[in-house]
Amino acid sequence: QVQLVESGGGLVQPGGSLRLSCAASGSIFRIITMGWYRQAPGKQRELVATINIGGVTRYADSVKGRFTISRDNAQNSVSLQMNSLQPEDTAVYYCRSDLQATITQGIYVAWGQGTQVTVSS
């Protein structure tokens, strides 16, 4: 089993910054992609940013230029630096990893429990 533990959410004023972190632990052969998704009340979960094992990143248009994703392959961790936060960024943020537990197993998806980010004055 693989566990993803997130940290770093909270309450911030518009224009402020937060940094989210996520660490994976358990039976891990390799993590193909790590990423962040978010879900606001009454809305579907949406992609925020992903980074693959080679360091290639992908961002939602709404966060380009404000958010930066990074990962530490040796630590099986991923971070999301969020700057210039706006009220519309308010959501529960989920860490996701597409990984292989062993060399012989296929890829499966693991999710974190979510961390609340609230942007409000």
Sequence of Asp89, Asp98, Asp72, Asp61 when ordered by accessible area, the most exposed leading, probe 1.4 angstrom: Asp61, Asp72, Asp98, Asp89
Sequence-separation-based contact order of the chain, relative, with Cα cut under 8 Å and 6+ spacing, percent: 37
Give me the percent of the accessible area of the chain that comes from carbon and sulfur atoms, probe 1.4 Å, all protein chains in place. 47
Result for the chain: accessible area per residue, probe 1.4 angstrom, in square angstrom, of 52
From phi via Karplus (6.51, -1.76, 1.60), per-residue ³J(HN,Hα) for the stretch 31-38 in Hz, x at Gly/Pro: 10, 6, 9, 10, x, 10, 10, 9
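The values are calculated or read from the model by the stated rules, or taken from the named source; none is laboratory data. All values reported here derive from a predicted model rather than from experimental measurement. With ligands, DNA and RNA removed, areas are computed over all heavy atoms of the protein, side chains included. Shrake-Rupley method; radii C 1.70, N 1.55, O 1.52, S 1.80 Å.
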